[in-house]
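Working notes, structure below.
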Amino acid sequence: MLPIILLSAGLLSAPIQEKPTQELDLVAGKKKAEPAKPHLIPAKKEGGLPCDSKDQQGVLLGATTRDAILAHREIFRDNTKHRDIKAEWAARWKAVDVPCSLVVAFGSWCSDSQLELPDLLALTKEPNPFVSIHYIGVYRDKKVDASAWPKGIAPQAIEKVPTLWLFELEPGGTQKLLGSIVETPPQGQRMAEAVLDLLSKAR
């Protein structure tokens, strides 16, 4: 005898498919959780650097130096080591003889800073006594305390990094803003060349 197959409603029903959690959340009026924004993790030890939650590496904040940047992350050392500075550029750097200040805001977490800053670090390997270079490290919010800025120079708004400002020392000790480079050099130039062009404005 053949088996009897019952098809009547209630005796045999299709399997119930559950709605995806995302759909249930929308039905319930719940918003999908957004990924946590990158934030600073406080230094684990006294004198240490705060850490970026995104890449889990230390972050330089506030006024800092060329040597500190090179010691900070390997990418800065490697990129600086492999930057070829043309003899013409080195000669132009040495020839600057007008007192001026170059302020450089950068992010040690920032790919553009990691790419562009080494050009400046390589160019300025031999200091020029007429050019004072001030490095300021910032986090992703681009906020920095006014005390990080060099004395006598008005703090500037930082929207992108790296950003470089050139100030010329005028009679009486005031600092005049001559120009800036925001994030990347002009098309077709390297950062070292763009900095030298900026320095040429100091007379």
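Any read-out appearing in this document is the output of simple, stated calculations on the displayed coordinates, not a laboratory observation. Note that the structure is a prediction, hence the values are computed from the model and not measured. So basically every Cβ, Gly included, is an ideal-geometry build from the backbone, and we count neighbours across all protein chains shown.
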Q | Mean shadow area of region 59-199, taken as a quarter of the surface of its Cα convex hull (nm²) | A | 8.0
**Q.** Near-label residues of region 117-160 by backbone N, under 12 Å of a point 7 Å along Cα→Cβ of Ala90
**A.** 123-126
(Q) Report the gain in length on full extension from Glu46 to Glu170: 0.36 nm times residue separation, minus Cα-Cα distance, nm rounded to one decimal. (A) 40.6 nm
Q.
Below 11 angstrom from the Cβ of Glu168, what's the summed charge of the other residues (Lys, Arg +1; Asp, Glu -1)?
A. +2
Q.
For region 92-162, place one equal point scatterer on every Cα, skip the solvent, and apply the Debye formula. What is log10 of I(q)/I(0) at q = 0.16, 0.20, 0.23 Å⁻¹?
A. -0.62, -0.91, -1.09
Q: Pop the C-beta distance of Lys151 and Asp112 into the FRET formula with R0 = 35 Å and round what comes out to the nearest 0.05.
A: 0.80
Q) When only DSSP loop residues count, what GluC sites (Glu not before Pro) in region 138-203 have their Cβ near at most 14 other Cβ atoms within 10 Å? A) Glu159, Glu183
Q: Arrange the following residues from fewest to most other Cβ atoms within 10 Å of their Cβ: Asp112, Asp97.
A: Asp97, Asp112
Q: Would you please give the residues with an amide H less than 5 Å from that of Thr124, counting only those at least 5 places away or on a separate chain, with H modeled from the backbone geometry?
A: none
